[in-house]
1. For segment 246-252, in order, what is each residue's ³J(HN,Hα) by Karplus, 6.51 cos²θ - 1.76 cosθ + 1.60 with θ = phi - 60°, in whole Hz (x at glycine and Pro)?
2. Per residue and in cubic angstrom, what volume does the convex hull of the Cα atoms of segment 168-288 have?
3. For the chain, what is the accessible area per residue in Å² when the probe is 1.4 Å?
4. Could you state the orientation-averaged shadow area of the convex hull built on the Cα atoms of segment 50-90, in nm² to one decimal?
5. What part of the accessible area of the chain, given as a whole %, is carbon or sulfur when the probe is 1.4 angstrom?
6. Let me have the 222 nm mean residue ellipticity of the chain computed from DSSP H runs of 4+ only, each contributing -39500 (n - 2.57), with the sum over all residues rounded to the nearest 500.
7. Taking the alpha-carbon distance from K165 and a cut-off under 19 Å, which lysines remain once sequence neighbours fewer than 8 residues away in the same chain are dropped?
8. I'd like the distance separating the alpha-carbon centroids of segment 46-120 and segment 266-316, in whole Å.
Amino acid sequence: MTLFSPRVFSGMQPTGNLHLGNYLGAMLNWVKMQETNECIYCVVDMHAITLWQDPKALRQAIRDVTASYLACGVDPKRSIIFNQSQVPEHAELAWVFNCVARLGWLNRMTQFKDKAGKDKEAASVGLYVYPNLMAADILAYKATHVPVGDDQKQHLELARDIAAKFNNDYEVEFFPQPEPMITGPATRVMSLRDGTKKMSKSDPSDLSRINLTDSADDIAKKIRKAKTDMDALPSETAGLKARPEAENLVGIYAALSSKTAQEVLNEFGGGQFSGLKNALADLAVEKLAPIADETKRLQSEQTYVDSVLAEGAARARAIAGPIVRDVREIVGFIVS
């Protein structure tokens, strides 16, 4: 059996501001992993255009998300940071995978059904084959580990199926089976306005999320306006069941303070939500306001951000180029 060197790959779309859910569910973990792993972090701008984007706004969003990566602590000296469209090997390998993946596999992808809605005939082909491009993102680097949220786990399973079928079809042990890393202090942060829905960049209510660019005043306001129920906080975690808003706020406090949910309830259980909200507002401002300040500073340093992306793309191509060249040979293309 071929042994593959450990390598981490992950990315986020440049559509809307990154928020608290991205920070707790991914960014904190990305920062920790770069201490011990070879890490490649991508701004997946090619995925973004599966839905129409204003070109000028998209260009700015790519830079803004990169600024957030850097402000959160992703280090361009320790990790490779780049935007997907600057590395053409992603698109080339995605086409090969379009010819490896089966329609039946894609028909089972729940995210396409969710995003396309009732009128799926009007959806772009890119949205439909999005998971094949995601597989190419990962396997262009022979990444072995992929930090993902629960909503992307199905796509990673497809990437594993594509890797296995490619290896089987061409009788090679070329691609690894990438493993999901569903970790982080809070893998599923919910909306501040509805504890049954995931915090999202696309929610029409800005009060539903804490953006990583929010001011200290906005952070505190959103926490204090967060939806709650009428009962006091429970003293045990079992009491959080069927109370999604309470569970969400306790979970956010636990993640930001590096405590367990039970430790939070030991402190606030039996009291009203106001005590927890006030403490959480102070804690969130302490943790997130410096990130917002640094993000805004970096957003004004366009030349620097662009240089980070260009250098990262060159380093990414140095890895992906030889891998995709080998793919050309394996599938039977003439390689000059």
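The values are calculated or read from the model by the stated rules, or taken from the named source; none is laboratory data. All values derive from a computational prediction rather than experimental measurement. Cβ atoms come from the backbone with ideal geometry, glycine included; neighbour counts cover every protein chain shown. The protein model used for the area step is the full one, side chains on, heavy atoms only, and it has no ligands, DNA or RNA in it. Shrake-Rupley method; radii C 1.70, N 1.55, O 1.52, S 1.80 Å.
1. 5, 4, 5, 5, 5, x, 5
2. Convex hull of Cα atoms, per residue: 162 Å³.
3. With the other protein chains kept in place, the chain gives 47 Å² per residue.
4. Here the figure is 3.7 nm², rounded to one decimal.
5. Values: 8040 of 15780 Å².
Reported share for carbon and sulfur atoms: 51 percent.
6. Result for the chain: -16000 deg cm²/dmol, rounded to the nearest 500.
7. K142, K153
8. That distance is 23 Å.
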